[in-house]
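Trainee: Dropping the structure in here first, questions after.
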Amino acid sequence: VQAGNSSLDGMLSKVKGVVATLAAASGVRNLIGTSDQMAGATARLSLIVDDQNSVESLQQKIFASAQASRGAYLDVMDTVGKLGLTAGDAFTGNDEMIRFAQLMNQNFIIAGASATEQSSAMYQLTQAMAAGKLQGDEYRSIIENAPLLANSIEDYMRNVQGATGSMKDWAAEGLLTSDVIKAALFSSADEIEARFAQMPRTWSQNWTMMKNNALIALQPLYNYIGQLANDPRVLTAINEITGAISGIAQIAIPVIDLIVSGLVWTGENLEWIMPLLLGVAAAYVLIHGAVAVYNTVTAISNGLQAVALYACPIVWILLIIIAVIAAIYGVVAAINHLTGSTLSATGIIAGAFMVAFA
């Protein structure tokens, strides 16, 4: 029981060490990955920031919008950046884009769309705003994942634009422009927010909002990690590591080639190498058999067994016999290889023993 517990404790200790190492590596990858996302989103915001805002103030507004709509801060920042770069003409400024993203996030939560569905629908909607109209795949995605927006667009088209027909017809005719989408969404803002307020918060949403707070708190760290990616010292280290890897490859190629050549040579000469290997195997078996017999007979201490064994004349006689057997195998194999004959080393040895016995 004590031995078992000791072994189990040792195993658990090793498992904990492995898990800790993997967790640390995963944590580093996540940290760097988040830093890359943050750097990319921040760079896009810097391209769309207007005169009334700085990048920092724009990020604060996006964070407040993400918390208000229970959305992921990085996702909202990414959406606003893409809207500004691809569909900036459809909005009067950054504040309107942030408001647009917030209402869409609330739409998704009311509709019960999953994170994957939200991401897909927001991507399609961003594409539609960039293209200037809602049709095709973008239309189908909005109908499925943002039904409140679809209803708002239909009400706007009928009551404000006086259009007749169906949503499908309007999409096919190119009537669902980016101006119509934006106007329809903003016109239903009060209804969206009223319904959203009735939706209970989930643990998943709580976790998302906690992560948002953590991202804001750690943003200086993420910014610093992002800057390191362009630090001359880091770039120099990367170049040195790359050079070292190239050097290893240059060394490995001839080594691998030598190993392959050895394997090929062995395969081509196996007919006379194999008897030598069999002789060595026989020697190995016989010497260990002799050791076992001698240990049983003498029963000497472990520390003196090897010395006593090799001092025994019988063992030396066995070793000489084994060496002669191995030599016979090698000579016969060489003769067969050079002359093409089929002499049997085993037959010669057996015959010699039979003559000696007689």
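The values are calculated or read from the model by the stated rules, or taken from the named source; none is laboratory data. Every value quoted in this text rests on a predicted model; they were computed, and no experiment measured them. When we count neighbours, we look across all protein chains shown, and the Cβ atoms used for this are built from the backbone with ideal geometry, even at glycine. Heavy atoms of the whole protein, side chains included, go into the accessibility calculation; ligands, DNA and RNA do not. Shrake-Rupley method; radii C 1.70, N 1.55, O 1.52, S 1.80 Å.
Trainee: Suppose we keep just the alpha-carbon trace of the stretch 108-245; what are its Rg and Dmax in angstrom?
Mentor: 21.8, 71
Trainee: Going down the table (Lys182/Lys211; Lys133/Lys211; Lys82/Lys168), which pairs top 32 Å between alpha carbons?
Mentor: Lys133/Lys211
Trainee: Could I ask something else about it? For the stretch 69-177, calculate the relative contact order in percent as a whole number, restricting contacts to Cα pairs under 8 Å that are 6 or more residues apart.
Mentor: Normalised by residue count, the contact order of the stretch 69-177 is 27 percent.
Trainee: Once every Cα of the stretch 24-111 carries one equal point scatterer and solvent is ignored, give the base-10 log of I(q)/I(0) from the Debye formula at q = 0.12, 0.20, 0.22, 0.24 Å⁻¹, two decimals.
Mentor: -0.37, -0.90, -1.03, -1.16
Trainee: Taking amide H positions as placed in the peptide plane 1.01 Å from N, state which residues far from Lys133 in sequence (5 or more) or on other chains have amide H under 5 Å from it.
Mentor: Residues meeting the criterion, in which the H sits 1.01 Å from N, are Ser178.
Trainee: Starting from the exponent 0.38 and prefactor 2.2 Å, build the expected Rg for the stretch 73-155 from its residue count and divide its actual Cα Rg by it.
Mentor: Output field value: 1.00.
Trainee: With labels modelled as points extended 7 Å from the Cα through the Cβ direction, what inter-label distance (nm, one decimal) is found for Leu319 paired with Asp50?
Mentor: Output for this residue pair reads 9.5 nm.
Trainee: Using a 1.4 angstrom probe with every protein chain in place, what is the largest-first accessible-area order of Thr42, Thr116, Thr266?
Mentor: The residues order as Thr116, Thr266, Thr42, largest area first.
Trainee: Just the accessible area for Val355, please: 1.4 Å probe, Å², rounded to the nearest 10?
Mentor: 110 Å²
Trainee: A follow-up question, please. So with the 1.4 Å probe, I'd like the accessible area per residue for the stretch 104-198, rounded to whole Å².
Mentor: Value for the stretch 104-198: 48 Å² per residue.
Trainee: Taking just the alpha carbons, could you work out the radius of gyration and Dmax for the stretch 219-288, both in angstroms?
Mentor: My reading of the Cα-based Rg and Dmax gives 25.9, 73 Å.
Trainee: Among the aspartates and glutamates, which have Cα under 17 Å from the Cα of Lys61 when same-chain residues fewer than 8 positions away are ignored?
Mentor: In chain and number order, the partners are Asp50, Asp51, Asp75, Asp78, Asp95, Glu96.
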